[in-house]
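The structure appears below as structure tokens.
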Amino acid sequence: MHLEKLSLTNFKNYEDVRFAFGRQVNVIVGPNGSGKTNLLDAVYFLALSKSAFQSQDALSILHDADYFIIDGIFAEENRNVQITISLQRGQRKVLMADKKPYERISEHIGRFPVVMVAPNDTDLVRDHSEDRRQFFDGVLSQLDADYLRNYLMYQQVLKQRNSLLKLFAERNQVDNDLLDTYDEPLLDLGQKIHDRRQQFVEDFLPGFRRHYAYLSEDREAVTIVYESEVGNPNFADEFRHFRRRDTVLQRTTMGIHKDDYGFMIAGHAGESVPLKKFGSQGQQKTFVIALKLAQFEQLQAEKGIKPILLLDDIFDKLDDRRISKLIQLMDEGAFGQLFITDARPERTKELLNNVQADVRFFQTGE
């Protein structure tokens, strides 16, 4: 599977452009601010129906325009598929396959798997638990349609329950029977999501550790710890017990939406310590790249195809040792279609000079 053609209309800084990509390595070069990352985001958007960087779809519409269109041709084993995403300001996003709208956008997720490695990925280590949940939920959503359905249903029920709690607080009156109708599905869905997340981390760890060891040359051990109060056998009773607190705070204070993933590294005495606090900048970068490579491997194993790999400005952010490790993986054919951005084309040409693959260059900002 690979992206053969891409057409952008009023998407970010692109008013009207068309590209025909190669099956292997596609290098996007140009000055900073010329739209290299925006082009990668368009590929990501086409595959996952959302931006990798913007939380609101309308922010991807070209300034002063009223709409955007992303249109692409994915080449599968026996056929080509045209995917079109369009958005008019003030209206709902439209997603079509071969000019026929999907009944549910969720049906598209995972059909064309994609993995992005970007400069801000180390925020996963340094920032809030929400970022780590979003990463693992994104991986699981591409892998498992049942998980995605359960997750979307959970978010819907959670939103409704929080609205109800706010109403109760305003009226200073709680209807426990009404709350029961929200708590039961929330607890049931939460348990299913918890169990899938826990199983995923167990399956994910061996590949992740192998990639970290490869990139770091076996310098230290790492692990990921899934942290969730939902695994407590008494969680359902505790959840109901804190209804009063939820009403006062006007939000649901317990559940899988509070989960976290502990990123751990071996300390001086051999014990696991938080990467955020004790890991060097290089160790944090290596950890995150190993996460993405393990994500790539999981998607390939589950889907039977190599995901599209998007590498945004990584040659500027990695040291020579880690770059050489990635180049070696490219040369060994570990990846399928790649998109790489770089503001220094001469550097990329030198780095990829001996790679046994079809390398094509595209210039932005002309």
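Before moving on, here are some points about what is shown:
- Region 188-210, residues that are open to solvent by less than 30 Å² (accessible area, probe 1.4 Å), over 14 Å from residue 261 (Cβ atoms) and of a type outside the set (Gly, Ala, Ser): 189
- Top-ranked residue of region 1-24 - restricted to ones that are assigned to a loop (DSSP other than H, G, I, E, B) and touching a residue at least 60 places away in the same chain (Cβ under 8 Å), ranked as nearest to residue 306 (Cα to Cα): 1
- Checked against the criterion of being surrounded by 14 or more Cβ atoms within 10 Å (Cβ to Cβ), within 30 Å of residue 32 (Cα to Cα) and in contact (Cβ under 8 Å) with a residue 40 or more places away in the chain, region 127-134 contains one or more residues that satisfy it.
- Considering residues of region 215-253 that are assigned to a helix (DSSP H, G or I) and of a type in the set (D, E, K, R) only, the residue least open to solvent (accessible area, probe 1.4 Å): 246
- The residues of region 19-57 that are at positive phi and over 21 Å from the mean Cα position of the chain (by Cα), listed by number, are 30, 33.
- Screening residue 327 with (1) under 21 Å from the mean Cα position of the chain (by Cα); (2) of a type in the set (A, V, I, L, M, F, W, C); (3) outside the structural domain of residue 171 (by the TED database) gives one miss only, at (1).
- Selection count where residues are out of contact with any Pro (no Cβ under 9 Å at 6 or more places or on another chain) and buried (at least 20 other Cβ atoms within 10 Å of the Cβ), scope region 319-336: 2
- Residue match in region 137-146 (condition: among the hydrophobic types (A, V, I, L, M, F, W, C), more than 21 Å from residue 203 (Cβ to Cβ), open to solvent by less than 70 Å² (accessible area, probe 1.4 Å) and within 13 Å of the chain's Cα centre (by Cα)): no
- Taking residues in region 344-366 that are farther than 17 Å from residue 40 by Cβ, and partners anywhere that are open to solvent by 80 Å² or more (accessible area, probe 1.4 Å), the pairs with Cβ atoms closer than 7 Å and at least 6 places apart or on different chains are 358/23.
- Note on region 346-358: residues that are under 16 Å from residue 312 (Cα atoms) and either open to solvent by less than 40 Å² (accessible area, probe 1.4 Å) or of a type in the set (S, T, N, Q) (or both) amount to 3.
- For residue 141, the test of being at pLDDT below 95, of a type in the set (Ser, Thr, Tyr), within 30 Å of residue 285 (Cα to Cα) and not in a helix (DSSP H, G or I) is failed.
- For region 260-294, a tally of residues being touching a residue at least 40 places away in the same chain (Cβ under 8 Å) and of a type in the set (D, E, K, R) returns 4.
- Being surrounded by fewer than 21 Cβ atoms within 10 Å (Cβ to Cβ) and charged (D, E, K, R) is a condition met by no residue of region 287-294.
- Of the residues making up region 257-286, those that are hydroxyl-bearing (Ser, Thr, Tyr), under 30 Å from residue 191 (Cβ atoms) and open to solvent by 20 Å² or more (accessible area, probe 1.4 Å) number 1.
The values are calculated or read from the model by the stated rules, or taken from the named source; none is laboratory data. No experiment lies behind these values; they were computed from the predicted model shown. Glycine also receives a Cβ, built like all others from the backbone with ideal geometry; neighbour counts cover every protein chain displayed. These accessible areas exclude ligands, DNA and RNA; they are computed on the full protein's heavy atoms, side chains included. Shrake-Rupley method; radii C 1.70, N 1.55, O 1.52, S 1.80 Å.
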